[in-house]
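Visitor: Quick one: structure below, then a few questions.
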Amino acid sequence: MSTTHHRDYKRIATEEGWITKELMDRYLALLERGDHGDPGFQNLWGFFGTSQSPRARGLFERIQDMDARRLADMDATGIDMQLLMLTSPGVQVFESADACALASSSNDQLAETIARHPHRFSGLAAFAPQAPEAAAVEIERSVNRLGLKGALVNSHTQGRYMDDEFFWPIFEVCEALDVPLYIHPNTPSPQMVEPFLSRCLDAAIFGFQAETGLHVLRLIVSGVFDRFPKLKIVLGHCGEGLPFWLYRIDFMHAGIVRSGRSEGAKPLKRKPSDYLRENFFYTTSGMAWEPAITFVQQQMGYDRVMYAMDYPYQFEADEVKAMDALPLSPEQKKMFFQTNAERIFRL
Ligand code: CA
């Protein structure tokens with residue numbers, strides 16, 4: 001058991017990956033068949049699922065372990081609690097009926113894992129965006145009956161984005177339940193992945209944030225947050241680059257709307273940055289870098305930025321030490337590591 005006697009905050013890591021054995025088997029079968037139409041998925045899980053490199057093998061084992069090994073890794077790096085989410089791309093590469101069944105089964109297994117270690121784990125619900133009405137039912141079941149703390153989606157679903165009203169029952173249920181939706185990266189959609197693939201830029205190095213930042217901007221300019229003003233979204237990786245672009249997004253969006261040159265950019269009730277400041281929360285997964293974190297805290301609010309490790313993809317003990325050394329007051333540090341997550345996810 002880790003202890004907190006030497007520090008007066010708990011370290012809650014808020015974007016930590018896991019996968020069920022059954023989903024891993026389905027990924028491997030899909031890779032073998034190769035008929036899924038998603039080159040990003042092929043490259044990502046072709047590496048982590050089938051490569052014999054030590055890094056891929058270590059991750060392959062760690063991401064499936066929900067007991068001794070994971071807890072030992074948490075203890076070794078001083079992580080008191082992980083907020084777990086089914087790893088990318090979740091169930092989104094399967095056809096609807098399969099995806100719904102796999103999501104329900106993984107949520108049941110996640111609830112069992114949390115019940116075994118209630119002080120070490122909490123989690124978000126997986127769902128199948130390709131079946132939005134069923135997804136809404138599954139999110140409601142996961143929150144109200146299984147005690148999960150919100151839902152997560154891995155960006156595009158087979159090239160479709162959630163600004164399409166087809167998906168809006170998912171926003172409706174998250175808003176009604178008052179739980180956050182975590183928009184986690186996926187590899188770029190099939191429409192945009194090619195220039196990334198040929199230089200191995202499709203995953204966490206750049207493709208994830210390009211894909212996920214684009215998805216979030218599509219939501220904002222389509223008016224999702226005027227229609228669902230209380231919707232809460234969580235973004236990893238210090239906001240997928242968007243906080244750095246606030247000024248330019250606002251400036252250019254106003255001009256595009258004024259020019260009337262696109263039906264795709266309609267007038268909004270507020271500036272794009274207003275939604276990013278008030279409907280969004282941010283985690284530091286994979287971005288253990290003081291200047292970036294400080295910038296996001298200053299621009300978006302110290303009460304909106306939460307610690308995350310991105311286990312097991314970025315399992316680095318030195319990064320935890322770097323986060324402990326952030327230039328924060330004791331009160332801000334406790335918010336960053338503990339109380340923001342407790343408030344936002346109701347842990
Ligand atoms: Ca992640």
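The values are calculated or read from the model by the stated rules, or taken from the named source; none is laboratory data. Just so you know, these numbers come straight off a predicted model, no measurement behind them. Glycine gets a Cβ as well: all are built from the backbone with ideal geometry, and neighbour counts include every protein chain shown. What goes into the accessible areas is simple: the full protein's heavy atoms, side chains included, and nothing from ligands, DNA or RNA. Shrake-Rupley method; radii C 1.70, N 1.55, O 1.52, S 1.80 Å.
Visitor: For region 165-242, list the helices (runs of 4 or more DSSP H) that sit wholly inside it and hold at least 1 residues that are on the phi < 0 side of the Ramachandran plot and of a type in the set (D, E, K, R); which are they?
Guide: Numbers: elements: 168-177, 194-197, 207-221, 224-227, 237-240.
Of the helices (runs of 4 or more DSSP H) lying wholly inside region 165-242, those with at least 1 residues that are on the phi < 0 side of the Ramachandran plot and of a type in the set (D, E, K, R) span 168-177, 194-197, 207-221, 224-227.
Visitor: Would you mind finding the one in Q52, Q82 that is open to solvent by less than 50 Å² (accessible area, probe 1.4 Å) and more than 20 Å from F196 (Cβ to Cβ)?
Guide: Details: Q52 fails: open to solvent by less than 50 Å² (accessible area, probe 1.4 Å).
Result: Q82 is the single residue among Q52, Q82 that is open to solvent by less than 50 Å² (accessible area, probe 1.4 Å) and more than 20 Å from F196 (Cβ to Cβ).
Visitor: Same structure again: With (1) within 23 Å of A317 (Cβ to Cβ); (2) open to solvent by less than 20 Å² (accessible area, probe 1.4 Å); (3) of a type in the set (D, E, K, R) as the list, and D38 as the residue in question, which single condition is left unmet?
Guide: With respect to (1) within 23 Å of A317 (Cβ to Cβ); (2) open to solvent by less than 20 Å² (accessible area, probe 1.4 Å); (3) of a type in the set (D, E, K, R), D38 is out only on (1).
Visitor: When the residues of region 288-328 are narrowed to those that are open to solvent by 50 Å² or more (accessible area, probe 1.4 Å) and in contact with a Gly (Cβ under 8 Å, 6 or more places away or on another chain), which ends up nearest to the ligand (Cβ to nearest atom)?
Guide: Step by step, filter region 288-328, then rank; the result is Y313.
Visitor: Sort out which residues of region 5-25 are more than 17 Å from A76 (Cβ to Cβ), more than 15 Å from the ligand (Cβ to nearest atom) and either in contact (Cβ under 8 Å) with a residue 40 or more places away in the chain or under 17 Å from the mean Cα position of the chain (by Cα) (or both), and write them in order of number.
Guide: D8, Y9, T20, K21, E22, L23, M24
Visitor: I would also like to ask the following. Taking L110, is it within 16 Å of the ligand (Cβ to nearest atom) and either more than 19 Å from the chain's Cα centre (by Cα) or part of a helix (DSSP H, G or I) (or both)? So that I can check it myself, show each step before the final result.
Guide: On the way: within 16 Å of the ligand (Cβ to nearest atom): yes; either more than 19 Å from the chain's Cα centre (by Cα) or part of a helix (DSSP H, G or I) (or both): yes.
Answer is yes for this residue.
Visitor: Looking at region 182-206 only, could you name the residues that are small (G, A, S) and more than 12 Å from F41 (Cα to Cα)? Working first, answer last.
Guide: Looking only at region 182-206, we keep the residues that are small (G, A, S), and these are 189, 198, 203-204.
Residues satisfying the conditions are S198, A204.
Visitor: Of Q64, Q42, which residue is within 16 Å of the ligand (Cβ to nearest atom), in contact with a helix residue (DSSP H, G or I) (Cβ under 7 Å, 6 or more places away or on another chain) and not aromatic (F, W, Y)? Can you show your working first?
Guide: Working: Q42 fails: within 16 Å of the ligand (Cβ to nearest atom).
So the residue among Q64, Q42 that is within 16 Å of the ligand (Cβ to nearest atom), in contact with a helix residue (DSSP H, G or I) (Cβ under 7 Å, 6 or more places away or on another chain) and not aromatic (F, W, Y) is Q64.
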